[in-house]
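Data block below; observations after.
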Amino acid sequence: MSLRRSCLTALALLGASASSALAADPPGWYASGQAGAAWQEESSTHGAMNFQSDTDPGFALLGAVGRNLGNGFRVEGELGYRQIDLDRLSISNDGGAGAAAGVGSVNGITGDVRGGDHVLSFMGNGFYDFDLPNTKLKPYIGGGIGFARVEANDVRARNVSLVNDSDVVFAYQLGGGVSYPLTAQTDAFVDYRYFATEDPSFTASNGGIVKSDLETHNVSVGLRYKFF
């Protein structure tokens with residue numbers, strides 16, 4: 001085979017591979033649902049009270065309706081719910097809550113705690129799907145912004161109420177995953193999200209204001225149904 005023919009053959013193969021890699025689903029609407037585990041990073045609460053909190057693994061439920069734009073990009077609106085319960089608190093200042101409850105100070109490290117964070121989020125997301133040659137697996141990356149109602153749900157130490165309040169704050173997320181087609185219209189996927197919010201403010205049991213931080217890592221599995 002001549003050098004020219006070899007070059008033309010190589011170019012043709014490269015062109016076919018590039019075309020395959022750039023292929024994308026046609027434009028159309030889709031709906032998705034996913035469920036999985038959520039882990040919250042160590043959180044700091046400060047202000048009228050001061051404590052550090054460690055949590056148990058929680059869960060996340062997400063549902064979305066979106067549109068594939070036909071060029072690898074898709075956009076969606078997402079509703080999510082996360083629940084993560086406390087494991088331990090390290091309290092440096094209980095703000096007088098223990099004395100007011102008649103049990104004395106609850107300062108110090110304690111495992112006798114209850115409550116946690118309940119987070120309801122509304123997000124606008126954008127993702128890009130990579131169509132790779134010679135495989136049905138389709139990686140994707142993306143992120144989103146929105147807002148979240150963060151509830152510090154009945155946080156207690158030794159049955160002394162510390163915080164039981166909620167706030168609505170700005171939220172954002174980044175992540176990615178990989179999908180696999182089960183049928184022409186249904187994809188299964190595994191997804192990772194880093195989800196965080198602006199620090200919510202809560203009214204503590206002593207009447208003062210505290211602020212907390214919220215950062216989570218989420219791993220889930222789901223299904224996406226395409227309406228085309």
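Given the condition in a strand (DSSP E or B), without any contact (Cβ under 8 Å) to a residue 60 or more places away in the chain and buried (at least 19 other Cβ atoms within 10 Å of the Cβ), answer yes or no: does some residue in segment 129-141 qualify?
Our first condition is that a residue be in a strand (DSSP E or B); within segment 129-141, this holds for 129, 138-141.
With without any contact (Cβ under 8 Å) to a residue 60 or more places away in the chain added as a condition, the list becomes 138-141.
Now drop any that are not buried (at least 19 other Cβ atoms within 10 Å of the Cβ), which leaves 138.
Yes.
So residue 148 clears everything in (1) out of contact with any helix residue (DSSP H, G or I) (no Cβ under 7 Å at 6 or more places or on another chain); (2) open to solvent by 10 Å² or more (accessible area, probe 1.4 Å) except one condition, right? Which one?
Just one mismatch for residue 148, condition (2).
Tell me the residue from 189, 228 that is modelled with pLDDT under 95 and either under 20 Å from residue 127 (Cβ atoms) or assigned to a loop (DSSP other than H, G, I, E, B) (or both), please.
The conditions single out 228.
Out of all the residues in segment 57-82, which are under 16 Å from the mean Cα position of the chain (by Cα) and open to solvent by 50 Å² or more (accessible area, probe 1.4 Å)?
Just the residues of segment 57-82 that are under 16 Å from the mean Cα position of the chain (by Cα), to begin with: 57-64, 76-82.
Of everything in segment 57-82, those that are under 16 Å from the mean Cα position of the chain (by Cα) and open to solvent by 50 Å² or more (accessible area, probe 1.4 Å) turn out to be 57, 59, 61, 79, 81.
Determine whether residue 215 is in contact (Cβ under 8 Å) with a residue 60 or more places away in the chain and either surrounded by fewer than 20 Cβ atoms within 10 Å (Cβ to Cβ) or small (Gly, Ala, Ser) (or both).
Taking the combined requirement at face value, the residue satisfies it.
Between residues in segment 163-181 that are modelled with pLDDT of 95 or more and residues that are open to solvent by less than 40 Å² (accessible area, probe 1.4 Å) and of a type in the set (Lys, Arg), which pairs lie under 6 Å by C-beta distance while being six or more apart or on different chains?
173/193; 175/193; 179/138
Please find, within segment 114-126, the residue that is nearest to residue 40 (Cα to Cα) out of those that are open to solvent by less than 70 Å² (accessible area, probe 1.4 Å) and either among the charged types (D, E, K, R) or free of Cβ contacts under 8 Å to residues at least 60 places away in the same chain (or both). I'd like the intermediate steps shown before the answer.
Start the filter on segment 114-126 by keeping residues that are open to solvent by less than 70 Å² (accessible area, probe 1.4 Å), which leaves 115-121, 123-126.
From what is left, the residues that are either among the charged types (D, E, K, R) or free of Cβ contacts under 8 Å to residues at least 60 places away in the same chain (or both) are 115, 117-118, 120, 123-124, 126.
On the way: 115: 14, 117: 9, 118: 12, 120: 15, 123: 19, 124: 22, 126: 24 Å.
Ranking the candidates gives 117 first.
The values are calculated or read from the model by the stated rules, or taken from the named source; none is laboratory data. Computed from a prediction, not measured in an experiment: that's the story for all the values here. Every residue, glycine among them, receives a Cβ derived from its backbone with ideal geometry; neighbour counts consider all protein chains shown. We work out accessible area using only protein heavy atoms, side chains counted, and drop any ligands, DNA or RNA first. Shrake-Rupley method; radii C 1.70, N 1.55, O 1.52, S 1.80 Å.
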